[in-house]
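What follows is one structure encoded as structure tokens, with my remarks underneath.
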Amino acid sequence: MSAGSRTPFGGNIGKTVKESKPWWPEPPKPPAGAPNILVVLFDDVGFSDFGCYGSSIKTPTIDGLAAEGLRYTGFHTTAMCSTTRAALLTGRNHHSVGVGCLANFDSGYPGYRGKIAREAGTLAEMLRASGYRNYMIGKWHVTPLTESGATGPFDGWPLGRGFDRFYGFLDAETDQYAPELVSDNTHIDPPGTFADGYHLTEDLIDQAIRFIGDHAADRPDLPWLTWVALGACHAPHQAPAEIIRSYDDAFAHGWDVERERRMAKQKAMGIVPQATRMPARNDGVKAWDDHSADERRVFTRLQAAYAGMLDHSDRHLARLVSFLGTAGIRDNTMIIVMSDNGASQEGGPLGFVNAMGPFNFKPEPIAEKLARIDDIGGPDTHSNFPHGWAMASNTPLRRYKQNTHGGGIRDPFVINWPGRIPATGELRHQFVHACDLVPTLLELTGIEAPVSIAGCPQIPLEGDSFARSIAEAGAPSKTSPQYFEMFGHRGLWHRGWKAVAFHPPGTPFENDKWELFHLDEDFSETDDLAAREPQRLDEMIALWWAEAEKHNVLPLDDRFGPRFAENAARFHGARHRFVFHAGMGHVPTDVAPDVRSRSYTIEAHVEIDEAGADGVLISHGDATSGYSLYVKDGFLVHDLNIGGSHQIVRSERKVPAGARRLGVRVERLVRKEPPAKGARTGVTEYTLLIDGEPVGALQTQLAFHTLISWSGLDIGRDRGSPVSDYDAPFEFTGRLLRVNVTMHDDQKLDGDAVGNAQMARQ
């Protein structure tokens, strides 16, 4: 056996080359006719948002793929982004592979590690063994965010899980004009800015075209998997202003009328049965006409931003589909377009122009929203639409993302495969789950799931192939039960029936009310049969508990905040000092010093010549929220940006030339128990320091920030969307030796506030 190889040498080695016979192992070969696979995964797009599912939003590219392919009406996800991705990538249930909730934390239980287990190979790893090349573009979010820094570990990043190239972002969301980008295993600056017309969606499609084009040039004999996970339509909703404003009139009628129009289209198209009833408005959603004129105007623009983002994405998806034709590979490419969960409820009842303010205890009254209406969708906003529009996105389903009712888990799914789908333009009504995708693709490509990957034995696939339904409209749905669970919300589908429980956070699980629906007859879950079929409900609840135990769902945990806070504390541990050196790259938020709700000191060691120096010493965040310590016009400045409200302190004198220590000391002067939700308490003092001497101070009540920003930390520059009033990157022009961050021992996080803020990010 040759060194470093598990494959026996097939030749012969003698004393000399004349007496020897060379041998080359056969490379992996795909099955004859194996197709290219293009997966396009949208984020937080509701069941009815594609035009071909009832919306008035312009999605002609997706609609065209559906007209030449199939639409599924019973495709189900897991209610959240990390979890659906884990199921889609592995063909197993998300708890079974260790991603029971989010990649943002590890709860310490097998089902909640926030990272896909090695025993659960990804589709890319499975296809690689049969000669496929695999390319990942866009959102990953199945790597623990504490492992997303420059040192990894990289075993959970795309290149560590079977993909050959990666260009995208690791977190749940990112700014579309100043994204947190990674190329392969390296954090990089985006190739453009808002000022020069950059938008992440266009960039991602460019990279997808590049990867496929490179592949076609280098190895046209091998098939490929290209996984394009767009940021659209996760908040922040950002798109070109002219596209956004083109939707103002389209949605001025409000969400009540919109729901009715969409369901009428859905019935006409056969998406939902004619007998489908519209559910009552979701809890807390008021009638459109009960809102003031100012509220309706703001809400319309927030919905227009969402619609504009989807429209914009469809326009660029058209370029990718067109390229496949230009490259002559369209006919052998299977295209799948879907969403990862229902529309988001994180926008709250009134929506946000900049969510970073309210989640830092800075209110955003409707007058402020109205004053900034023309900023919505731009580079200094973090907008999300209100519950009423999310409800309309999920028409005709109840509730939203995070929930296990239909609005959270039933999503659009389009499959297009030229020449291989005999009945184009048709609908398929089978029940399908995210974990069924891998078994289906393996069957369609003629590839067996490996029993071992890189020497690691694999757990069995848990999904069921729905390949038969592509050719047979009447093919039966899977017979195995499918459970759902997210933050204590629970559900179970089995043989056309569904039991579901909504769980109010912080209440006893035994108090949850279970509902029972005959889903085959009640698409929108409006006729609760629990009282009429108590025995069936009891059987389904018992089956849910059995499935939960089988798939690592237990223990149930509805604690948003403590899970996030505990994860941060466990990651940083007793560490109280951070040293950052000049020239280092971007530091993701979850890896950066956790300065939430505590005192700390920052000190930059610099050398400045007689000509002086300006620029950023340290910045964390972006235009929507964060902090920055910098020198401008020779003065030392600290800016605390909370939701666009700038608390600025400027030194009383200029920074002198020479070797200097420039810093800020942040002290919480009143250390009480964490404030009630939505309240502010205590005073925080910011003191600027030059060589340890105070040179200016500011006291503010706006400093109890539960987060900095979803954008990370930079040293010696502010690489993206600027935290303060300067032109990014505003690199420091002196010599920056290092920056020390020293945490004081007074941290006491408000777990609920942290949880609410973090959930806005998912």
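Computed from the coordinates by the stated procedures, all read-outs in this text should not be read as laboratory data. This structure is a prediction, so every number in the text was calculated from the model and none was measured. Here Cβ is always computed from backbone atoms with ideal geometry, including for glycine, and neighbour counts include all displayed protein chains.
What the table shows:
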{"item": "Selected from 554, 109, 23, residue furthest toward positive end of dipole (the chain; charges at beta carbon)", "result": "23"}
{"item": "Spacing of the two label points (7 Å from each Cα toward its C-beta) at residue 683 and residue 195, in nm", "result": "3.9 nm"}
{"item": "For segment 253-287 versus segment 579-654, the gap between their alpha-carbon centres in whole angstrom", "result": "49 Å"}
{"item": "Potential extension, residue 459-residue 725 segment - 0.36 nm per residue separation minus Cα distance", "result": "90.4 nm"}
{"item": "Length added when fully stretched, residue 292-residue 530, from 0.36 nm per residue minus Cα-Cα", "result": "81.8 nm"}
{"item": "Out-of-range pairs (alpha-carbon distance over 28 Å; input 115/401; 139/265; 498/550; 115/362)", "result": "139/265; 115/362"}
{"item": "Cα centre as origin, Lys/Arg/Asp/Glu Cβ charges: segment 482-550 dipole, Debye", "result": "140 debye"}
{"item": "Separation of the residue 740 and residue 260 label points, Cα + 7 Å toward Cβ, nm", "result": "6.8 nm"}
{"item": "Relative contact order of segment 439-531, defined on C-alpha pairs under 8 angstrom at six or more residues apart (%)", "result": "15 percent"}
{"item": "Dipole-positive endmost among 494, 516, 484 within segment 482-550 (Cβ charges, Cα centre)", "result": "484"}
{"item": "The chain, dipole about Cα centre (Lys/Arg Cβ +1, Asp/Glu Cβ -1), debye to the nearest 20", "result": "1160 debye"}
{"item": "Environment charge of residue 717, counting only residues whose C-beta is closer than 10 Å and scoring Lys/Arg +1, Asp/Glu -1", "result": "-3"}
{"item": "Over segment 366-510: Rg over Rh, Cα atoms, Kirkwood Rh", "result": "1.08"}
{"item": "Computed lengthening from residue 15 to residue 653, 0.36 nm per intervening residue step minus Cα-Cα distance", "result": "221.6 nm"}
{"item": "DSSP beta bridge pairing in the chain, given as percent antiparallel to the nearest 5", "result": "75 percent"}
{"item": "Cα gyration tensor shape of segment 291-388, rounded if a/c is under 1.5, else prolate or oblate by comparing a/b with b/c", "result": "prolate"}
{"item": "Mean Cα-pair separation over length for segment 424-471, i.e. relative contact order, pairs under 8 Å, 6 or more apart, %", "result": "50 percent"}
{"item": "Reachable aspartates and glutamates, given that their alpha-carbon falls under 18 Å from the alpha-carbon of residue 267 and they are not under 8 places away in the same chain", "result": "49, 63, 256, 258, 411, 426, 520, 521, 522, 525"}
{"item": "Cα extents of the chain along the three principal axes, largest first (Å)", "result": "89, 78, 49"}
{"item": "Extreme residue, positive dipole direction of the chain, given options 131, 348, 378 (C-beta unit charges)", "result": "131"}
{"item": "Scattering curve values for segment 482-550, log₁₀ I(q)/I(0), Debye with Cα scatterers, q = 0.24, 0.27 Å⁻¹", "result": "-1.11, -1.32"}
